[in-house]
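Values quoted throughout were computed directly from the atomic coordinates according to the rules given, and no laboratory measurement underlies them. The structure presented is a predicted model; accordingly, all values stated were derived computationally and were not measured. Note that we place each Cβ from the backbone using ideal geometry, even for glycine, and neighbour counts take in every protein chain shown.
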């Protein structure tokens, strides 16, 4: 017995804990350097990670899997030359990812509300690239609790325009609803707007605009007085093959005949407004409806007729507009509570929808729908948003918070 | 000399007993019954067996009395003298008897010095007159131990008297070895003493004095508890439902930690999330870092107010220092103030010098279990000392696959900066000391202190914080108790400091490591008074106290550099009114808390106890208790991590929280009508309100926060829930002592907790089991082998985890935990004749011996717990 005791004592000293089974997979780590070129004073930088098979705007409709922040103070370097800072993103499931970054030079970014979750005019964007020449975003792959620590993200692209802030036009909040039929295609208008608000206690949202209207072409910006940082809808009819006709959307079935026009307009079902008007009766957990509307080509015809010159911006022959008409056919994607027809693993923070997963319907559900506009620059705006909530300080002469409360109502 | 040696043999236990007091009580009771029938020889054998099992002065008295009734005057005289030695304060009571005996013996022969006839005790033949030289030599070699045992009896008697009359040398909250009724001498003797008299019929026909007829002493082994009312009382008279675990229960349990010992107590929920953490609750409401049971060590609170929990691993005592554990089920704030919501667990240590001995103990086993301790208890005159030191370690039940399994550590996404050895879940080094000195007949001073250094303690934090570790925890305490007449003063200082943080963090993630420091100073003055008014007997206990809390914690507003100081004041009284078989108890305590309204901290208790029969009582008790918001709930300002590195949820404490409150009504029956059993049945109703939880997340964004290195997704805070929780249950327990060496226990609890908003349908709280069953037995064989086994069954649970989803929203996720059974067994042998050496083998939680697949979780976040097969060696001298 005594020998057994000594043996047990030795066992106690030489113990190795068993590996925990059935544990959640250990997240991977992607780390490396942020390299900024030509930025005099770095700002706080947000690293956004997208699933490679569901990229974010404008390339795709995905939302970030996760994000990390790098404070401005972490950058080291010399003046306007190359400055760098380490970054780390943790908790990534096994898979391939696109790593993008946004340097928030004006300090008005926050990822948790659409009204302040994107790059504003003058911010610097970047990504982990396959090569600097093509600018192709390169995926990184991690698995098995890996610590991938040699990823370089180049920050160098200044975002030249402002986000497409808009509202549903109308004199009063009660009219900020565009009523639609659940079965018939309908056209509704969006109006570009300025945003001036103190978000929360001390968080400014200051988007000048909209752009001054062209006296010759109502609905279009006056290019002579245009400030690129005014809010506007920067419309781009893509004609990559130069045949004089709009290309068709490559991400949609060709038989749909949808021309490739920026910006995109997406709709997300919010539910039936509740009795007290404070919100919407929620859908069952896991269920969602989403759809897309399309810019109305008749207005773009004015640009095509040469009435409006093309501005010199990095996004090709784009046209800044104050107003945008869009058409929504009753086509929507329905995600069932059980998760069918969805790749929800990539998230849906921006309420975007991939119509490849959708199916035509006889009718869309009545109720309220949110509207999201995605510019070709990847900048987005959505109504309704938190700027419509009470308590935010506004400047009535430039911005009506009620305009950010608008919803599309299907009756 | 021969007589003394024979008595010495009686006093030495032949075996290390499972619970010798139970056997002694049974033999003593049978002896009394035989004496009442006039069967004095049978009575004598029973009293000798009782004395053999567990020495007691009253048993010596009864042995003497039985000899006298059998006209064996020499042995009667010898045992009366032993009684005088063992109970010097009562020596004068039997002087008249001794005088008579001496007179009568003197008429026939010379006065003897010891027993002259063979006797037996506990089935063992006792050597008496006519012993061989070899036998005498052997007996003489242990003669010194007779003296030690006699001193031990004297010590115990003195200590018990002190406790009975003054709440104990270690404080009025029940710290003595037994605790006794202040109205009753500890040996149960008649305070008036035996009457004198003469007997005209001497053995030689001459007129000799008559032996006083004082009868037999009624109860030498009455179970006494002190936690329910701060004064010693029988469980039959306790106003609260109480269970007592003895030192032998602990030793034979096969459990490796104190919480595991508590699994056998009916109504107690023990949940092990890691090998370093076990959470204990009573009648439901268990959770990570359980906060509704007050854990005391000799009446000293171990509750960490800043955290709202007790860290069991840091309690600086070893198992050999524990005399017993008293478990109160039901609210205890009327006696102990805040945080005694659903119960009180009072760990009562051995009185220094009561049983002079030194014990070495070492254990080792599977799952990284190792333990070693040395304790010594000595007495010199009026001064007694107890010293203890121990080491305790336990391996982790499980570890992440990724921390060390990568070929190159730098390739792993995880790191554990606070952990030295990722195979260890608990590693503790601890020591304590206590010195007592009695001053005169009614005064004493006691000084004690201890420290524990917890190198590693893994635990699972509340909410989304998950698997955490405490590193370099240093727990110190110092304490003094002073008794003078009816006044008792107690003061203690608890100090805790440590680092804590995630056990394993992803490289480059936000640093959540934190530091805390907590200092608690508590002083109390108490005066227990006993008096009578007409037919009514009163025990009135009044007291005043003050507590100062000084805490710092990195997660609180202002960080570690910001101290939070609270001054608490209290006053209490407890009146127990006895009229014949009826006892009425009224208790009231008022606590002044700086953040709470006075009306929120008034804790009443009322109870009626009626003795249906001599050893059967019924009780009806109603009372309330509260849990004060801890510092995290009151002062927190911390950015809780969200699912993304760059996001956080800001968590605010609130200084306007109401305390959690409970009101309980219970009806119980306690029965000890035979010497072969003890049984208790209770039904109860709990109404719990104002439970403190994290609120839902309110969207609210702020600019980038460089400290948290992220963006605020929203805010949350601690709130009082509107839900009302109603708990109903019935608990039954029985202990059987059918024959020498065999103890059997069984208990079961059926309970449910439902929650409901006012005027809404109620929903059952699935985190509490509907049914729990504990059974066990210990058998000490006649061959110096002890066997024991226990089984603990807990029915299935469904927990609702509160976590943040990918967007920072607070979500409730239901997670089932299947029913589980924990089986423990232990076998021990003592190869040496003097029982000084014990070798034991045991297993705790035997089912997972079948492999990892047979492990089970006790909480959805916890590790699957494994088995511990262990060996143990102890040597006592």
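Quick notes on this structure:
- Kirkwood Rh, Cα atoms: Rg over Rh of segment B:417-556: 1.18
- For segment B:232-353, convex hull of alpha carbons as volume per residue, Å³: 111 Å³
- Bins of 10 Å, starting at 0 and running to the largest distance - Cα pair percent for segment B:569-622: 23, 38, 22, 14, 3
- Short-range pairs are left out: with C-alpha atoms under 8 Å and at least six residues apart, the relative contact order of segment A:91-137 is 36 percent.
- Computed from label points 7 Å out along Cα-Cβ, the spacing between residue B:567 and residue B:529 is 2.8 nm.
- Evaluated at q = 0.09, 0.17 Å⁻¹: base-10 log I(q)/I(0), Debye formula over Cα of segment B:738-852: -0.47, -0.97
- For segment B:469-539, the ratio of Cα radius of gyration to the globular rule of thumb 2.2 N^0.38 Å stands at 2.05.
- Counting 0.36 nm for each residue step from residue A:16 to residue A:274 and taking away their Cα separation leaves a gain of 87.1 nm.
- Ordering of B:227-233, A:234-240, B:304-310 by packing [mean C-beta count within 10 Å, highest first]: B:227-233, B:304-310, A:234-240
- Ranked by how many other beta carbons lie within 10 Å on average, peptides B:32-39, B:296-303 from highest: B:296-303, B:32-39
- Full-extension gain in nm, residue B:754 to residue B:540, via 0.36 nm per residue minus C-alpha separation: 73.2 nm
- Prolate/oblate/rounded call for segment B:265-336, Cα gyration tensor, a/c under 1.5 rounded: rounded
- In range of the label at residue B:423: residues from segment A:13-52 whose backbone nitrogen is under 20 Å from the point 7 Å along Cα→Cβ: A:13-21
- Ranked by the mean number of other Cβ atoms within 10 Å of their residues, highest first, the peptides B:66-73, A:41-48 fall in the order A:41-48, B:66-73.
- Segment B:339-453: C-alpha pair distances exceeding 23 Å, %: 55 percent
- Shown here is the pair-distance distribution of segment A:1-153: with all Cα-Cα distances grouped in 10 Å bins from zero up to the longest one, the shares run 10, 33, 28, 10, 7, 6, 4, 1 percent.
- The ranking of B:784, B:251 from fewest to most other beta carbons within 10 Å of each one's beta carbon is B:784, B:251.
- Principal axis dimensions, segment B:819-869 - Cα atoms, whole angstrom, descending: 49, 18, 16
- Equivalent-ellipsoid semi-axes of segment B:408-498, from the Cα gyration tensor, Å, largest first: 44, 13, 8
- Likely footprinting exposure, B:328, B:98, fewest C-beta neighbours within 10 Å first: B:98, B:328
- Over all distinct Cα-Cα pairs of segment B:677-760, the Kirkwood formula returns a hydrodynamic radius of 17.7 Å.
- Euclidean distance between Cα centres, segment B:299-373 to segment B:19-42, Å: 34 Å
- Projecting label points 7 angstrom from Cα along Cα→Cβ for residue A:248 and residue A:227 puts them 4.3 nm apart.
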